[in-house]
Amino acid sequence: MIVVLAQGVSLKDKAAIVRFIEQHGGRLMVSELGETTHIGLIDGTAQALAAQIRAMPGVESIKSEAPPYPQVSREYREANSVVDVADVAVGAAEVVVMAGPCSVESATQISLVAGSVAQSGARILRGGAFKPRTSPYSFQGLGEEGLLMLAAARDQTGLPVVTEVVAPEDVELVATHADMLQIGARNMQNFRLLSEVGAQPKPVLLKRGISSTIEEVLLAAEYVASAGNTRVILCERGIRTFETATRNTFDVSAVPVLKQKTHLPVIVDPSHAAGDRSLVRPLAAAGIAAGADGVLVEVHNDPDSALSDGPQSLTLPGFTEMMSLLKGVADAVGRFIR
Ligand code: PEP
Ligand code: MN
């Protein structure tokens, strides 16, 4: 529910409305949308008071059809949110490219890939240290050792790092070393994990679940925000459909739909969507054309011997080539890639 205040409402009336809601146990969000003040009621507590609030001086109207994810909804905050990942702003005019291997495999590997992608214009380094694998017999990641290798690659290149956290008890450790915490598709509805990353201050990269609707993505983001952290970036990474020609189906429409519904930055991951390196370039281009604020891609120095996701990983020269195409696409939609 959103309480819309009359234009030119007095400070006194505004304060009285806020006090009334808070006294009745309601959590609220005040946003200035153009000339108008909106007070969003975050939980159900104060909603029973709608009639009383409606009658208060300074109240213009009440919107009861508001989305169930107030903190991330565009209806509550009109302007795009910009999320800073260390010194890199995501959600502004720059399309931010995040690149690196699926898994951190060794200090040499991550250093090589990091150096190369930095040179080609990547702004954030990715690499998994805790890997959520479908089979328990697949490589599970180097854990803390991998985090230290990522941190060393950050020192080498200056690129901030994003890496996945798979368990609530690892959040503190991962947050010590990473600049942004990734919640993977398989964990998008791990609500305890969402609350845990919401209770720490580093930004969160929230990937769309394999079978999740857009409303479910937004509610997952709301979990993070409701725990105190609104620095969330959403990521379309392909969903499961009847189609078997690609690993997942890249839902390009998710980009403009999410941008309409939320003020949070939205990026795309064409690597996990496609599952095949030859498709990464066109899907990345499509994502940027559709309005994505960034691209997350897997890049490996020797994809054929990668310990995870080799077939979808770009080679180092493949990444460099893709960057020149993406710069043109960004330019065509009024954005830029450095
Ligand atoms: C990854 O980024 O390597 C990953 C596991 O992604 P997703 O959660 O989207 O499958
Ligand atoms: Mn991967």
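Figures for the structure shown
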item	result
Accessible area expressed per residue, segment 202-286, with surrounding protein chains retained (probe 1.4 Å, Å²)	36 Å²
Computed [θ] at 222 nm, helices only, for the chain once each DSSP H run of length n ≥ 4 contributes -39500 (n - 2.57)	-10000 deg cm²/dmol
Percent carbon-and-sulfur accessible area, the chain, ignoring ligands, DNA and RNA, probe 1.4 Å	52 percent
Among Gln189, Gln109, Gln156, residue whose mean-square fluctuation peaks in a GNM of the chain (springs only between Cα atoms under 10 Å)	Gln156
Computed accessible area, Asp331, all protein chains, 1.4 angstrom probe, square angstrom	110 Å²
For the chain, the longest site-free run once GluC sites (Glu not before Pro) in DSSP loop states with at most 13 other Cβ atoms within 10 Å are removed	79-242
Listed residues Ser81, Ser135, Ser313, most fluctuating in the chain (Gaussian network, C-alpha, under 10 Å)	Ser135
Alpha-carbon centroid distance for the pair segment 87-113 / segment 198-242, whole angstrom	20 Å
Exposure rank, largest accessible area first [Thr45, Thr157; 1.4 Å]	Thr45, Thr157
Local electrostatic count at Leu148 - Lys and Arg +1, Asp and Glu -1, tallied over other residues with Cβ under 12 Å	-2
Segment 129-181 versus segment 1-30: alpha-carbon centroid distance in Å	43 Å
Probe 1.4 Å, all protein chains present, accessible-area order of Thr246, Thr134, largest first	Thr134, Thr246
Net charge of Cβ neighbours under 11 Å - reference Gly40; Lys, Arg +1; Asp, Glu -1	+1
Distance histogram for segment 83-332 (every C-alpha pair counted, 10 angstrom bins, percent rounded to whole numbers)	8, 35, 41, 15, 0
Total formal charge among the other residues, if their Cβ is under 12 angstrom from that of Val257, Lys/Arg +1 and Asp/Glu -1	+1
Ser120 accessible area, assembled protein chains, probe 1.4 Å, Å²	20 Å²
Max mean-square fluctuation residue, GNM over the chain, Cα-Cα springs under 10 Å, options Arg154, Arg133, Arg237	Arg133
Phe191-Ala89 pseudo-label distance in nm [points 7 Å out on the Cα-to-Cβ vector]	3.6 nm
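The values are calculated or read from the model by the stated rules, or taken from the named source; none is laboratory data. If you're wondering where the values come from, they're calculated on a predicted model, not measured in any experiment. Here Cβ is always computed from backbone atoms with ideal geometry, including for glycine, and neighbour counts include all displayed protein chains. Just so you know, the surface numbers come from the protein's heavy atoms only, side chains and all, with ligands and any DNA or RNA stripped out. Shrake-Rupley method; radii C 1.70, N 1.55, O 1.52, S 1.80 Å.
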